[in-house]
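Asks: Please read through the structure below; I'll follow up with questions.
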Amino acid sequence: MAVMQHHAFLILVENSGNTSLSSQGSGEVRISVATMGTLRAAERLVSELVAQGVSQIELSASFGAAGEEALRTVVADSGAERTVSIGRVRFTA
(Lines give C-alpha, C1' and ligand atoms only; values in the text may rest on other atoms or scores of the structure.)
Protein backbone atom coordinates (compact mmCIF):
# COMPACT_ATOMS: atom_id res chain seq x y z
CA MET A 1 0.00 0.00 0.00
CA ALA A 2 1.40 3.40 -1.02
CA VAL A 3 1.78 6.24 1.47
CA MET A 4 -0.63 9.16 1.02
CA GLN A 5 1.11 12.45 0.29
CA HIS A 6 -0.56 15.59 1.61
CA HIS A 7 0.78 18.94 0.34
CA ALA A 8 -0.49 22.29 1.63
CA PHE A 9 -0.11 25.77 0.18
CA LEU A 10 -0.71 28.63 2.65
CA ILE A 11 -1.26 32.22 1.55
CA LEU A 12 -1.16 35.05 4.09
CA VAL A 13 -3.33 38.02 3.17
CA GLU A 14 -3.17 40.26 6.23
CA ASN A 15 -6.52 41.38 7.59
CA SER A 16 -8.44 39.40 4.98
CA GLY A 17 -10.86 37.88 7.46
CA ASN A 18 -11.57 34.22 8.05
CA THR A 19 -9.35 31.36 7.06
CA SER A 20 -10.48 29.60 3.89
CA LEU A 21 -9.33 26.03 3.21
CA SER A 22 -9.93 23.95 0.13
CA SER A 23 -8.68 20.37 -0.27
CA GLN A 24 -8.76 17.92 -3.14
CA GLY A 25 -7.35 14.46 -3.44
CA SER A 26 -6.86 11.83 -6.06
CA GLY A 27 -5.24 8.48 -5.49
CA GLU A 28 -2.22 8.92 -3.28
CA VAL A 29 -2.00 12.73 -3.34
CA ARG A 30 -4.02 15.33 -1.43
CA ILE A 31 -3.61 19.08 -2.06
CA SER A 32 -4.84 21.74 0.36
CA VAL A 33 -4.85 25.48 -0.35
CA ALA A 34 -5.59 27.97 2.41
CA THR A 35 -5.76 31.72 2.79
CA MET A 36 -5.68 33.37 6.17
CA GLY A 37 -5.51 36.89 7.57
CA THR A 38 -3.16 36.41 10.52
CA LEU A 39 -0.09 34.46 11.48
CA ARG A 40 -1.99 33.16 14.52
CA ALA A 41 -4.60 31.59 12.21
CA ALA A 42 -1.78 30.02 10.19
CA GLU A 43 -0.27 28.54 13.35
CA ARG A 44 -3.59 26.93 14.28
CA LEU A 45 -4.07 25.58 10.75
CA VAL A 46 -0.54 24.16 10.55
CA SER A 47 -1.14 22.35 13.84
CA GLU A 48 -4.31 20.82 12.39
CA LEU A 49 -2.61 19.91 9.10
CA VAL A 50 0.24 18.19 10.95
CA ALA A 51 -2.33 16.15 12.91
CA GLN A 52 -3.91 15.17 9.56
CA GLY A 53 -0.58 13.91 8.21
CA VAL A 54 0.54 16.75 5.93
CA SER A 55 3.98 16.06 4.47
CA GLN A 56 4.86 19.37 2.79
CA ILE A 57 3.84 22.96 3.48
CA GLU A 58 4.61 25.79 1.07
CA LEU A 59 4.18 29.35 2.34
CA SER A 60 3.52 32.48 0.30
CA ALA A 61 6.22 35.15 0.34
CA SER A 62 3.99 37.33 2.53
CA PHE A 63 4.85 35.15 5.56
CA GLY A 64 8.41 36.47 5.54
CA ALA A 65 11.26 34.92 7.49
CA ALA A 66 9.61 35.49 10.88
CA GLY A 67 6.36 33.82 9.80
CA GLU A 68 8.22 30.87 8.34
CA GLU A 69 10.18 30.44 11.58
CA ALA A 70 7.00 30.64 13.66
CA LEU A 71 5.41 27.86 11.62
CA ARG A 72 8.57 25.76 11.77
CA THR A 73 8.29 26.05 15.55
CA VAL A 74 4.70 24.77 15.43
CA VAL A 75 5.86 21.74 13.44
CA ALA A 76 8.83 21.14 15.76
CA ASP A 77 6.62 21.43 18.86
CA SER A 78 4.38 18.74 17.39
CA GLY A 79 7.38 16.42 16.97
CA ALA A 80 6.91 16.26 13.20
CA GLU A 81 10.01 18.18 12.05
CA ARG A 82 11.42 15.00 10.46
CA THR A 83 8.27 14.19 8.49
CA VAL A 84 6.98 17.66 7.49
CA SER A 85 8.92 19.91 5.09
CA ILE A 86 8.27 23.66 5.07
CA GLY A 87 9.33 26.07 2.34
CA ARG A 88 8.58 29.68 1.44
CA VAL A 89 8.28 31.41 -1.92
CA ARG A 90 10.90 34.14 -2.25
CA PHE A 91 11.04 36.87 -4.84
CA THR A 92 14.16 38.70 -5.99
CA ALA A 93 14.27 42.18 -7.41
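Asks: Please work out if S16 is under 28 Å from A93 (Cβ atoms), of a type in the set (S, T, Y) and either open to solvent by 30 Å² or more (accessible area, probe 1.4 Å) or touching a His at 6+ places or on another chain (Cβ under 9 Å) (or both).
Replies: Values: under 28 Å from A93 (Cβ atoms): yes; of a type in the set (S, T, Y): yes; either open to solvent by 30 Å² or more (accessible area, probe 1.4 Å) or touching a His at 6+ places or on another chain (Cβ under 9 Å) (or both): yes.
Yes; evaluated as a whole, the condition is true for this residue.
Asks: When the range 73-93 is examined, which residues are found to be closer than 22 Å to Q5 by Cα and surrounded by fewer than 16 Cβ atoms within 10 Å (Cβ to Cβ)?
Replies: Residues satisfying the conditions are T73, A76, D77, S78, G79, E81, R82, T83, S85, G87, V89.
Asks: Got at least one residue in the range 50-69 being under 10 Å from the mean Cα position of the chain (by Cα), under 15 Å from H6 (Cα atoms) and exposed (fewer than 12 other Cβ atoms within 10 Å of the Cβ)?
Replies: Within the range 50-69 (the criterion being under 10 Å from the mean Cα position of the chain (by Cα), under 15 Å from H6 (Cα atoms) and exposed (fewer than 12 other Cβ atoms within 10 Å of the Cβ)), the answer is no, since none of the residues qualifies.
Asks: Would you mention how many residues in the range 1-20 are more than 19 Å from E81 (Cα to Cα), modelled with pLDDT of 90 or more and among the hydrophobic types (A, V, I, L, M, F, W, C)? Reasoning before the result, please.
Replies: The first filter runs over the range 1-20 and keeps only residues more than 19 Å from E81 (Cα to Cα), leaving 1-2, 11-20.
After this cut, where a residue has to be modelled with pLDDT of 90 or more as well, the list is 11-13, 20.
Checking which are among the hydrophobic types (A, V, I, L, M, F, W, C) leaves us with 11-13.
Result for the range 1-20: 3.
Asks: Of all strands (runs of 3 or more DSSP E) completely enclosed by the range 1-70, which ones contain at least 3 residues that are touching a helix residue (DSSP H, G or I) at 6+ places or on another chain (Cβ under 9 Å) and on the phi < 0 side of the Ramachandran plot?
Replies: Values: elements: 5-12, 20-26, 29-36, 56-59.
Where strands (runs of 3 or more DSSP E) fall fully within the range 1-70 and carry at least 3 residues being touching a helix residue (DSSP H, G or I) at 6+ places or on another chain (Cβ under 9 Å) and on the phi < 0 side of the Ramachandran plot, they are 5-12, 29-36.
The values are calculated or read from the model by the stated rules, or taken from the named source; none is laboratory data. Note that the structure is a prediction, hence the values are computed from the model and not measured. Quick reminder, even Gly has a Cβ in these numbers, built from the backbone with ideal geometry, and neighbours come from all protein chains shown. Note: accessible area is taken over every heavy atom of the protein model, side chains too, but ligands, DNA and RNA are not part of it. Shrake-Rupley method; radii C 1.70, N 1.55, O 1.52, S 1.80 Å.
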